[in-house]
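The values are calculated or read from the model by the stated rules, or taken from the named source; none is laboratory data. Quick caveat, the model's predicted, so the values are computed rather than measured. We place every Cβ from the backbone using ideal geometry, glycine too, and count neighbours over all the protein chains shown. We work out accessible area using only protein heavy atoms, side chains counted, and drop any ligands, DNA or RNA first. Shrake-Rupley method; radii C 1.70, N 1.55, O 1.52, S 1.80 Å.
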Amino acid sequence: MAQKGPARALEPEHVQRLLLSCREAKKTAYCPYSHFPVGAALLTGDGRIFSGCNVENACYPLAVCAERTAIQKAISEGYKDFRAIAIASDLQDDFISPCGACRQVMREFGTDWAVYMTKPDGTYIVRTVKELLPASFGPEDLQKIQ
């Protein structure tokens with residue numbers, strides 16, 4: 001099922017909780033324009049899960065992806081150490097993959113944490129943030145210009 005794993009592999013119960021949570025979060029998506037619901041579940045270093053869904057807006061650029069919703073919820077509660085995120089959608093033929101903006105937001109919080117990309121049938125693949133955004137720019141790069 002999973003093809004590659006991050007340095008800090010998850011326990012099976014954490015994986016199952018993440019997969020269930022992202023599917024549940026998808027149910028609350030607000031997507032009247034795209035009709036493309038997405039849910040995400042984010043696992044913190046201490047085992048807490050924050051979920052999020054996509055929230056669209058009539059002014060399209062103001063829409064927020066599920067992954068960023070979950071990350072912003074965690075950050076607003078004081079969490080910055082992430083182990084994994086799982087993403088669910090209704091795509092049948094492909095695993096749901098985070099957009100470029102979400103990849104960059106994930107990168108802000110490290111490169112060696114897992115991204116579980118799922119299909120509705122329960123299958124998934126796992127990549128690290130680094131694998132999804134190679135040669136990335138992050139917070140430590142800002143230190144190089146001072």
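So the values come out like this:
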read-out	value
Relative contact order of the chain, pairs being alpha-carbon contacts under 8 Å that are 6 or more residues apart, as %	23
Highest-first arrangement of 88-96, 47-55, where packing means the average Cβ count within 10 Å	47-55, 88-96
Phe36 paired with Lys80, simple spin-label distance in nm, labels 7 Å along Cα-to-beta-carbon	3.2
Gyration tensor (Cα) of the chain, equivalent ellipsoid semi-axes in angstrom	22, 19, 15
Peptides ranked, highest mean first, by Cβ atoms within 10 Å: ranges 32-42, 99-109	32-42, 99-109
Cβ-placed point charges (K, R +1; D, E -1), dipole of the range 12-142 about Cα centre in debye, nearest 20	180
Carbon/sulfur fraction of accessible area - the range 27-146, other protein chains in place, 1.4 Å, %	55
Förster-model FRET efficiency, 22 Å R0, Asp93 and Asn57, C-beta, rounded to 0.05	0.20
Cα-based reach from Lys27 at 13 Å (exclusive), listing aspartates and glutamates while leaving out same-chain residues under 8 positions away	Asp90
Sequence ranges 118-126, 57-65, ranked by mean other-Cβ count within 10 angstrom, highest first	118-126, 57-65
For the chain: accessible area per residue (Å², 1.4 Å)	54
